[in-house]
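In what follows, a structure is listed as structure tokens, so that the remarks can point back to it.
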Amino acid sequence: MDENKLKVIFIGGASRSGSTLLDRILGEIEGFFSLGELALIWEEGFAKNMLCGCGKPFKSCKFWRAVVEEAFGGFEEINPNKILELQRSVARIRYIPQLLFPPLRSSEFQSRLSGYAEILERLYTAVRKVANCDVLVDSSKAPPHGFVLREIKSIDLRIVHIIRDSRAVAYSRQRKKRNPAIHWKEAYMGTSSVLKSAIDWDLSNSFVRLLGSIISHYHIIRYEDLAVQPRETILKLLKDLKIESLNLDFFVDERTVNLGPNHTASGNPMRFKHGKVEIRLDEEWKRKMLAYKRIAVTALTWPLLLRYGYFWRR
Ligand SMILES: [Zn+2]
């Protein structure tokens, strides 16, 4: 890694693929800092004041207060709705052609993209300083966010593509699950139809792969391998990332991790878990998913399922 650059590991893929688990595990490594889904910080943290991973409302968290002070001079100095507008005007799937090929950008698009990239750069630089860490782990997953990170020249970007069986993802996105980050009322994680999940799975995984093809460091891991052999999978990933001689003593045994406090900006409710957490493979879909839904998702996603070995491996 280039020692002067800010090292960012971007975890990309479809939602409900185990990215929060991977983010939390990597965040336990000395010198690593787990950001959670940073792309959602403007909406969920700045605008809605949802819970930080430490359990405090975002704007009351001492860590983020220090970061925002360092990056922007305080919460009152920025308008989150303006930044959200800026983010939505560049970081979307529909803008991937422009993000991929600079000659396709209009001067207005380029100026919005540079403006948003500059805001992100200030935020990441401040996190690095306040957390005193070498590597930031960002599990935003959404490919457009990864493409925007590529624009920031002071970032040494590594892509970790996490993939999970599309049927498991579609099943998970239909389950009703509490969202404790919305602390002022009883709220649930968003659900979606299996068709929408299947299309989103195809697009997210294809675009992360595309991003990986233009970045020199791209690594893919399967959720199923992470869940069955977490320690071994993490060791292999770190080796691929060329990060060596690291202390993984937060692994109590092969499949149990001791998770400490964190300040993840957004993500799966799993980010609120602390202490010893046993990692288990969630395969409820194999027993409970209705056959017609399973067939529909398989029919829509089979090329990538085949490519990533879901038909011939466990
Ligand atoms: Zn916090």
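None of the figures in this text is laboratory data; all of them are computed from the coordinates on show. Keep in mind that this is a model prediction, so the values were computed, not measured. In this analysis, Cβ positions are derived from the backbone assuming ideal geometry, glycine residues included, and neighbour counts consider all displayed protein chains.
Within the range 213-255, report the trypsin sites (Lys or Arg not before Pro) that DSSP leaves as loop and that have at most 10 other Cβ atoms within 10 Å. Walk me through the numbers before you get to the answer.
Details: sites: ARG222, ARG231, LYS236, LYS239, LYS242, ARG255; in loops: LYS242, ARG255.
In loop regions of the range 213-255 (DSSP not H, G, I, E or B), the sparsely surrounded trypsin sites (Lys or Arg not before Pro) are LYS242.
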What's the center-to-center distance, using Cα atoms, between the range 203-226 and the range 65-89 in Å?
-> 29
Estimated FRET transfer efficiency (ILE182, LEU86; beta-carbon r; R0 22 Å; 0.05) | 0.35
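How much length, in nm to one decimal, is gained on full extension between LEU100 and ILE215, taken as 0.36 nm per residue of separation minus their Cα-Cα distance? Numbers along the way, then the final one.
Details: separation 115, 0.36 × 115 = 41.40 nm, distance 1.13 nm.
My answer for the length gained is 40.3 nm.
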So, with points 7 Å from each Cα along the Cβ direction, the SER193-GLU244 label distance in nm works out to 5.3
The range 245-295 and the range 91-169: distance between their alpha carbon centers, rounded to Å | 25
Per principal axis, largest first, the Cα atoms of the range 6-307 extend in Å by 52, 46, 44
What nm distance separates the two modelled labels at GLU254 and LYS129, each placed 7 Å from Cα along Cα→Cβ?
-> 4.6
Expressed in nm to one decimal, what extension gain is obtained for the pair ASN79 and GLU278 from 0.36 nm per residue of sequence separation less their Cα-Cα distance?
-> 67.6 nm
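Identify the GluC sites (Glu not before Pro) of the range 12-49 meeting these criteria: DSSP loop state and at most 16 other C-beta atoms within 10 Å of the C-beta.
Values: sites: GLU28, GLU30, GLU37, GLU43, GLU44; in loops: GLU28, GLU30, GLU37.
Passing both the DSSP loop test and the Cβ count: GLU30.
If you count, for each residue, the other Cβ atoms within 10 Å and average over each peptide, how do 64-71, 168-175, 5-12, 299-306 line up from highest to lowest?
Details: 64-71: 19.2, 168-175: 21.9, 5-12: 23.4, 299-306: 14.9.
In descending order of packing, they fall as 5-12, 168-175, 64-71, 299-306.
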The range 176-252: GluC sites (Glu not before Pro) in DSSP coil with no more than 13 other Cβ atoms inside 10 Å | GLU186, GLU244
